[in-house]
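The values are calculated or read from the model by the stated rules, or taken from the named source; none is laboratory data. Owing to the predicted nature of the structure, the values given are computational and were not obtained by experimental measurement. Backbone-built Cβ (ideal geometry, glycine too); neighbour counts: all protein chains shown.
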Amino acid sequence: MRICPDSPAGDDVRRLLDEHLTDMFATSPAESVHALDHAALLAPTITFWTARDDDGTLLGCCALSELAGTSELDEVGVRPAGEIKSMRTAGHARGRGVASALLDVVLAEAARRGYARVSLETGTEDYFAAARRLYARHGFVECGPFGNYTLDPHSVFMTLELPVASSSGQPAAGSASAGAPAGS
């Protein structure tokens, strides 16, 4: 599996994102759907990745958006925060670790950028249970609304505090890793 920055405007990616939006609207009330379409994912504050098989077959996608106005002052200075958007695994690729691999790449990039934390919004419905378990396995915990979100009975908000990265972009010595726990 190859995970690389990519454009959300490619035909296969657009189909996957359209499928994602269709499922979001089918499983959640319209006012609770916070998924982005391919055009919104082209914003300069968003980095978008795809996971592909060696033959180029699209397996999944994920995006990282820098949260405007959410920088926080901590013991090492002002650190921005990020949000995970548009995490989706293609139906034929589910159960192959695609989402975990994408999440590892996104979290490594967030740490490299010096983000204080990465947050996300997902649904409360049973359809989203696997996603909530994935994020929990990677250390995310439930939190309150962040950014422009408001309390919503159909949304679960989760966050992961990231360790301070050294100048090499790696977690500082003694810091917890932002990646998945061993064996996951």
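Among the residues of region 60-92, those identified as within 26 Å of M1 (Cα to Cα), hydrophobic (A, V, I, L, M, F, W, C) and either modelled with pLDDT under 90 or under 12 Å from the mean Cα position of the chain (by Cα) (or both) are C61, C62, A63, L64, I84, M87.
Report whether or not G95 is outside any helix (DSSP H, G or I), out of contact with any strand residue (DSSP E or B) (no Cβ under 8 Å at 6 or more places or on another chain) and modelled with pLDDT under 90.
No; evaluated as a whole, the condition is false for this residue.
Every condition in (1) under 20 Å from R79 (Cβ atoms); (2) at pLDDT 85 or above; (3) over 17 Å from the mean Cα position of the chain (by Cα) holds for F140 except the one numbered (3).
Which pairs do you get when a residue that is hydroxyl-bearing (S, T, Y), found in region 130-158, comes within reach of a residue that is at pLDDT 95 or above, reach meaning Cβ atoms under 6 angstrom, with the pair 6+ apart or on two chains? Close Cβ pairs satisfying both conditions: Y135/M158. Of the residues making up region 1-40, those that are part of a helix (DSSP H, G or I), at pLDDT below 75 and in contact with a strand residue (DSSP E or B) (Cβ under 7 Å, 6 or more places away or on another chain) are H20, T27, S32. Which residue is modelled with the highest pLDDT, if the candidates are limited to region 148-184 and must be within 15 Å of the chain's Cα centre (by Cα) and part of a loop (DSSP other than H, G, I, E, B)? Looking at the filtered set, the residue picked out is L162. Applying the condition of being aliphatic (A, V, I, L, M) and part of a strand (DSSP E or B) to region 103-126 and asking which residue is surrounded by the most Cβ atoms within 10 Å (Cβ to Cβ) yields V118.
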